[in-house]
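Only one structure is covered here, and it is reproduced in the block below.
Just so it is clear, none of the values below were taken in a lab; they were calculated from the coordinates. It should be emphasised that the depicted structure is a prediction, and the values quoted were computed from it without experimental measurement. For neighbour counting, all protein chains shown are included, and Cβ atoms are generated from backbone atoms with ideal geometry for every residue, glycine included.
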Amino acid sequence: MSQSENLPCSFVIFGATGDLATHKLLPALFDLENAGRLADNLSLIAFSRRDWTTDDWLGHTRAILQDKVSQPSHQMVLDRFLARFHYLRGDLNDAESYRTLAADLAPGSTCSRTVFYLAIRPADFVAVIKNLKEIGLNEPRGMNRVVIEKPFGEDLESAQVLNRVLHQHFDEEQIYRIDHFLGKETVQNLLVFRFANTLIEPLWNRNFIDHVQITVAESIGIEKRAGYYDRAGALRDMLQNHLMQLLTVVAMEPPPALEADALRDEKVKVLRSIRPIAKRAVHAHAVRAQYTHGNISGQTVASYQQEENVEPDSITETFVAAKFYIDNWRWRGVPFYLRTGKRMPKQNSMIAIRFRHPPQQLFRETPLESITPNWVLLSIQPEESMRMEIHVKQPGLDMNTRVMQMNASFLRTDEQTLDAYEALLLDVIEGDRSLFIRFDEAEWAWRVIDPILKFWTVEREYIPTYPAGSWGPAEANRLFDSDDQIWRNEL
Ligand code: BG6
């Protein structure tokens, strides 16, 4: 069988008019079209509740992609892309909608291989999975695929239930649990940085590293996603998945091979080694907060409670910081500080590794007061780069030093970075699951954060706040193990 005979010929987007489809999926699919990576026979079906025609949908998609169509050649690509679409008005809970969908899949063709992308609220996952099975769209087993967005479940128990339902109707090979951070260039680059450079690996452990910080700061608020976000909060939306995945890639052992299961085995080992947080220790390990009104880049922004469709007395967290220890030979005693928040001063996602102080105060008698430790900074976005901070002597008669930043951008000036979704959608189409989450990864990540979730679910009266445009609440500083540890906000 040639490879194209294995490729899907239909790609269904459930929740096609939602935020995820608008901001991520459509632009990424368009980029794949532009790169010539979509097979000629692939048709795209936009499934949504809105009372629209295919023409309405095409107008909407054209508007979304407007910025991408700057050259005349792009116009042709756009026309080709739009010609693949068909809009289907449907209700996720209505069996009739699935009958219509089944009839619409590649009509007149013998190819029925389909990708179903669930770009919908997690609360609707089960209904869609069951309805697909009822109409027989979980077959052919080896071919039809289902893509599930994070968070996979709302807590450990619901994740296990969701997984059971999925496995009743689909084989594991058909399931793509997506965490788009794994598609980001820097995250993949981290594997190369660690395992293709012998320079780094000997230092990557408790003997040299003082602590690790993983920050995903966003200046955006919750946009139009209150319905989902107010229920989820930052812990479920970001920390359980994106930040935990970053942690596993920083901390994992080299896998025996660069293949899906070998990589995932190593990641699971890290998650299993994270020291469980006892109920009485939650306060010492995790901080949550919510933004009040403030100012970002000169713009006044409203508080979380004033966002459209958010309950005015909501105590959902928009910021979370947490400390974890990985109890294995490599990392025992090294704190991993994770933090993420909405409405912070700017978008800045990075992994910051702080090294230990030199063992000897050799420069004590010199004008140098104290030597700050070395940092390695891996910036994920907006910039994709790596920096190392090294001390050098300042020229002159006195023994003074300065910090020199060795700065390497991952991109050459003539290169462009793609969004994570391009790579991951292509993997779904081509059937490569290496960068997708295996259930035990999601399950162990839930085990790690479940004690925090449970504790916060009971403590409903109060949540600390931080002004929009700040780096979060002062409470986040109390997580640090020693006085010389501080949050690193900038590269
Ligand atoms: C999503 C979260 O998974 O990731 C959003 O649900 C968040 O709340 C987004 O804004 C961040 O991803 P990116 O790639 O835009 O940085």
Note to self: How much of the DSSP bridge set in the chain is antiparallel, in percent, rounded to the nearest 5?
What the structure shows: 60 percent
Item checked: Dipole of segment 256-369, positive direction: furthest Cα of ASN295, TRP329, LEU258, with charges on the beta-carbon -> TRP329
Next item on the list: With a point put 7 Å past each Cα toward its Cβ, work out how far GLN306 is from GLU253 in nm, to one decimal.
Entry: 5.4 nm
Notebook entry, point to check: What angle do you read, to the nearest 10 degrees and between 0 and 90, between the alpha-carbon axis of helix 439-458 and the longest principal axis of the chain?
Noted result: 70 degrees
Check: What is the extension gain from GLN66 to ARG412, computed as 0.36 nm multiplied by their sequence separation minus the C-alpha to C-alpha distance, in nm to one decimal?
Finding: 121.9 nm
Check: Angle between the Cα long axis of helix 95-104 and the longest principal axis of the chain, 0 to 90 degrees, nearest 10?
Finding: 80 degrees
Check: Just how large is the dipole of the chain about the Cα centre, in debye to the nearest 20, putting +1 at every Lys and Arg Cβ and -1 at every Asp and Glu Cβ?
Finding: 980 debye
Next item on the list: Show the residues, 5+ positions off or on another chain, whose built amide H is closer than 5 Å to the amide H of GLN381.
Entry: SER349
Note to self: What does the extension gain come out to for ALA39 and GLU139, with contour length at 0.36 nm per residue minus their alpha carbon separation?
What the structure shows: 33.9 nm
Next item on the list: Return the FRET efficiency for the residue pair ARG99, GLN299: r is the Cβ-Cβ distance, R0 is 60 Å, and the value is rounded to the nearest 0.05.
Entry: 0.80
Next item on the list: For every helix of n ≥ 4 consecutive DSSP H residues, a contribution of -39,500 (n - 2.57) applies; sum these over the chain, divide by its total residues, and give [θ] at 222 nm rounded to the nearest 500 deg cm²/dmol.
Entry: -9000 deg cm²/dmol
Notebook entry, point to check: Which length gain, in nm to one decimal place, applies between ASN477 and ALA127 when the Cα-Cα distance is subtracted from 0.36 nm times their residue separation?
Noted result: 121.8 nm
Item checked: Spacing of the two label points (7 Å from each Cα toward its C-beta) at GLN360 and LYS279, in nm -> 5.2 nm
Next item on the list: Return the lysines within reach of LYS150: Cα separation strictly under 19 angstrom, same-chain partners fewer than 8 residues apart disregarded; answer none if there are no such residues.
Entry: LYS24, LYS130, LYS184, LYS224, LYS267, LYS342
Checklist line | GLN485/ARG330 FRET efficiency (R0 22 Å; Cβ-Cβ; nearest 0.05) | finding: 0.65
Note to self: Nearest 10 degrees is fine. How inclined is helix 54-64 to the longest principal axis of the chain, computing both from alpha carbons?
What the structure shows: 20 degrees
Next item on the list: Determine, from the Cβ-Cβ distance of TYR462 and ASP155 and an R0 of 22 Å, the FRET efficiency 1/(1 + (r/R0)^6), rounded to the nearest 0.05.
Entry: 0.55
